[in-house]
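Each remark here refers to the structure printed beneath this line.
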Amino acid sequence: MSLNRILLSGLSALAIVTGTVLGAANAQDAAPQTPPPAEAAPQPEAPAAAAPAMDETKLKSFAVAFLEVTKVTESYKPQIEAAGTTEDQQRLQQEAGEKMVEAVNKADGISVEEYNTIIQAAQTNPDLAQQINGHITEAAGAQQPAQ
């Protein structure tokens, strides 16, 4: 249960912050505008590209990247909450978003675009979300002995 919560909160955090990094700092205020473009689906290649992107190797890369993104989220969350002004919060959100993008880019075998595709698919596919949770658990276990 807690892994599902972690997965969903982490996915939401990255989706929000990635939007900020891509120059959409105001996109958080305009959240209702986000679903219509997804509904319109102007890129017919996206669904076709999503299927091959869901192989085990890609999902394992996603899990590793997800754990790194979660670390960034956890390190910035208190700073953002403690920020005195909206401008400081936005600056910290931007900085966190950039660090998240860097974390995904540093993970082998996955791009930010693929990461976001997997996030979107996991939000609507409970079986995929469960499969991802398994990979995250496995990746987290592999990272713990290093500490």
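The values are calculated or read from the model by the stated rules, or taken from the named source; none is laboratory data. Worth saying up front: this structure is predicted, and the values here are computed from it rather than measured. In this analysis, Cβ positions are derived from the backbone assuming ideal geometry, glycine residues included, and neighbour counts consider all displayed protein chains. Please note that ligands, DNA and RNA were not included when accessible areas were found on the heavy atoms of the full protein model with its side chains. Shrake-Rupley method; radii C 1.70, N 1.55, O 1.52, S 1.80 Å.
Taking 0.36 nm per residue of sequence separation and subtracting the Cα-Cα distance, how much length would be gained by fully extending the chain between residue 142 and residue 125, in nm to one decimal?
So the extension gain works out to 3.5 nm.
At a Cα cut-off below 27 Å, give the lysines reachable from residue 77, other chains included and same-chain residues fewer than 8 away excluded.
60, 99, 106
Between residue 79 and residue 133, how many nm apart are label points set 7 Å from Cα along the C-beta direction?
Result for the modelled spin labels: 3.1 nm.
In square angstrom, what is the accessible area per residue of region 62-113 with a 1.4 angstrom probe?
Here the per-residue accessible area is 56 Å².
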